[in-house]
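Encoded as structure tokens, the structure appears first; notes follow it.
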Amino acid sequence: MFEDESMIRDYQAIASTWFPKGQQKKIPTYGKHQGSKLLATVDYESGEIYWEEHEKYDAQVFQSFLENIVVKYPKGKTIMILDNARIHHAKLIQPFLQQHVEQVELVFLPPYSPQLNIVEGLWGWLKKSVIYNVFFSSVEGIRAAVKSFMDEISKDPKRIVDRLCIRL
């Protein structure tokens, strides 16, 4: 499976769009810089998405995420492909990885290669579908929209595979 993190900010994401001449779309803002921090995995084979939202990213949050992955996938070994973010290499998580060496293995992508991580496609899909050119009056509104999107696409894992996973 592939893993990555993303921040969905509460200030607006403006993207290119079409509008009638003289009727430019205006997106309000309220000038705060809060947001929702997401961690997610995409199972390349099944299209299953597992995701969590947190207030911050740090090694402790990442370890908790890994613990939840071990519980969610108790049989066999989970190979997790991910980038080289600091939290993925933190000393704090090393004892956990050593203790669960039969259950989870981290495989790191080459530096500066986000195009190789299929979760990046999930983030693009999420942002385009949920936040581009939309005003949310609160972080709770963003969280609800993100949850609704994730719940909806998770109903059809084949669609996820077809959209995000490269077929060889």
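Out of everything in the range 25-54 that is of a type in the set (S, T, N, Q), at pLDDT 65 or above and surrounded by fewer than 19 Cβ atoms within 10 Å (Cβ to Cβ), what residue ends up being farthest from Ser138 (Cα to Cα)? Full working, then the answer.
First, the residues of the range 25-54 that are of a type in the set (S, T, N, Q): 29, 34, 36, 41, 46.
Pick out the ones that are also at pLDDT 65 or above and you get 34, 36, 41, 46.
If we keep only those that are surrounded by fewer than 19 Cβ atoms within 10 Å (Cβ to Cβ) too, we end up with 34, 46.
Working: Gln34: 9, Ser46: 34 Å.
My answer is Ser46.
In the set (1) touching a residue at least 40 places away in the same chain (Cβ under 8 Å); (2) closer than 26 Å to Ser46 by Cβ, Phe136 fails one condition alone, (2). The C-beta contact set for the range 47-63 (first residue under 16 Å from Ser36 (Cβ atoms), second residue among the small types (Gly, Ala, Ser), distance under 7 angstrom, 6+ apart or interchain) comprises Ile49/Ala40; Ile49/Ser154; Trp51/Ala40; Glu53/Ser36. Could you list, in sequence order, the residues of the range 130-168 that are of a type in the set (Asp, Glu) and part of a helix (DSSP H, G or I)? Scanning the range 130-168 gives Glu140, Asp151, Glu152, Asp162. Considering only residues in the range 126-168 that are surrounded by 12 or more Cβ atoms within 10 Å (Cβ to Cβ) and basic (Lys, Arg), the one that is nearest to Ser6 (Cα to Cα) turns out to be Lys127. Going through (1) modelled with pLDDT under 95; (2) within 27 Å of Pro111 (Cα to Cα); (3) surrounded by 15 or more Cβ atoms within 10 Å (Cβ to Cβ) one by one, Asp10 falls short only on (2). Looking at Pro110 and the list (1) under 25 Å from Arg9 (Cβ atoms); (2) assigned to a loop (DSSP other than H, G, I, E, B); (3) modelled with pLDDT of 90 or more; (4) not polar (S, T, N, Q), which single condition is not satisfied? For Pro110, the exception is condition (1).
Could you tell me whether any residue of the range 73-84 is modelled with pLDDT of 95 or more and in a helix (DSSP H, G or I)? No, every residue in the range 73-84 fails to be modelled with pLDDT of 95 or more and in a helix (DSSP H, G or I).
When you check Val161 against the structure, is it in contact (Cβ under 8 Å) with a residue 60 or more places away in the chain and of a type in the set (A, V, I, L, M, F, W, C), yes or no? Steps first, answer last, please.
Numbers: in contact (Cβ under 8 Å) with a residue 60 or more places away in the chain: yes; of a type in the set (A, V, I, L, M, F, W, C): yes.
Against the criterion (in contact (Cβ under 8 Å) with a residue 60 or more places away in the chain and of a type in the set (A, V, I, L, M, F, W, C)), Val161 qualifies.
The values are calculated or read from the model by the stated rules, or taken from the named source; none is laboratory data. Bear in mind the structure is a predicted one, so any value in this text is a computation, not a measurement. Glycine also receives a Cβ, built like all others from the backbone with ideal geometry; neighbour counts cover every protein chain displayed.
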